[in-house]
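The values are calculated or read from the model by the stated rules, or taken from the named source; none is laboratory data. Computed from a predicted model, the values in this text were never measured in an experiment. Cβ: placed from backbone, ideal geometry, glycine included. Neighbour counts: every protein chain shown.
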Amino acid sequence: MELLAGESLYQHFALTGPIPWRRMLDMACQICESLGEAHMLGIVHRDLKPANIQLMKAGGRDFIKVLDFGIAKIVSGESNRELTVRGELMGTLEYMSPEQLYAGRVTERSDIYALGVILYEMITGRSPFPPHITATAALAHRRSVRPDPMSRRVPVPPELERIVMRCLEPDSRHRYPTIDEVRDDLRRLRTADRAATPPISPPKADAPQPSYDLWAATAHRRHARRFLVACMLVGAAIGCAVTLSGSSRSTVTAWHSTQAGRP
């Protein structure tokens, strides 16, 4: 069994709160790639949630692994075999699609629905649906009430909101038919966003750069302050000397006047 470092997306979200949409966009593309490989083999995860997504670092960038295919369903092949009993409700209530809640029937579009819930929750900080105790209550709500637009909670591009809301369509026929199409739309959005955001370029090598020696400038200011203080002290000393000299002359003059007036 592989020993994985890092933390689950759920743990990261619990510690840091909502994830910026650009960062989540990169993660979502990797989740789609993992699900795409499973779907290509005819396997539906059917318990996709943040706790089953491992977040690691590779070369300073986020690296995603989708874990826990323990209740996955095999939907390909002549016998359409399942790894669990047909009709049994399996999964995590908050991330289950309406068709999964209704009859336990899952397809690739059920994983796409769960991905939409994850993206909505990780970016806005809130689940698209209120918590429900029973599957019946959750199903009734999800069939009749659409989640609030993401843009009411956080600023997101209209295209990202369109992608997430299509993943969350109650009727599976209106969702993306394959996870590869979700991935392609996410990649196009990422490419367009990067093209619209010019990178910060370093200064040109041939451009003249201002020379500025911080240490020399600091020393110059220090010497200037010392010179100014010295000038002030000299000026004060001269002023005191002049004052004392004038006072001495007045005293001598007064004494002579006093002596002259005596008989």
For this session: Return the pairs, sorted by first residue and then second, in which the second residue is outside any loop (DSSP other than H, G, I, E, B) and surrounded by fewer than 16 Cβ atoms within 10 Å (Cβ to Cβ), the first residue lies in segment 157-170 and is assigned by TED's automatic domain parsing to the domain that holds Asp185, the beta carbons are less than 6 Å apart, and the residues are 6+ apart or on different chains.
Result: Glu161/Ser151; Pro170/Arg143
Exercise. Are there any pairs, at least 6 apart or on different chains, whose C-beta atoms fall under 9 Å, with the first in segment 121-137 and outside the structural domain of Leu101 (by TED's automatic domain parsing) and within 14 Å of Pro147 (Cβ to Cβ) and the second modelled with pLDDT of 95 or more and part of a loop (DSSP other than H, G, I, E, B), and if so, which?
Worked result: none
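For every residue, the table says whether it meets (1) part of a loop (DSSP other than H, G, I, E, B); (2) touching a Pro at 6+ places or on another chain (Cβ under 6 Å); (3) acidic (Asp, Glu); (4) modelled with pLDDT of 70 or more.
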residue: Pro170; (1), (2), (3), (4): yes, yes, no, yes
residue: Arg187; (1), (2), (3), (4): no, no, no, yes
residue: Arg194; (1), (2), (3), (4): no, no, no, yes
residue: Pro199; (1), (2), (3), (4): yes, no, no, no
residue: Lys204; (1), (2), (3), (4): yes, no, no, no
residue: Tyr212; (1), (2), (3), (4): yes, no, no, no
residue: His220; (1), (2), (3), (4): no, no, no, no
residue: His223; (1), (2), (3), (4): no, no, no, no
residue: Phe227; (1), (2), (3), (4): no, no, no, no
Exercise. Do the conditions hold for Val106, that is, is it over 30 Å from Met40 (Cα atoms) and either in contact with a strand residue (DSSP E or B) (Cβ under 8 Å, 6 or more places away or on another chain) or surrounded by fewer than 14 Cβ atoms within 10 Å (Cβ to Cβ) (or both)?
Worked result: no
Exercise. Pick from Gln100, Gln54: which is modelled with pLDDT of 85 or more, among the polar types (S, T, N, Q), in a strand (DSSP E or B) and under 22 Å from Ala28 (Cβ atoms)?
Worked result: Gln54
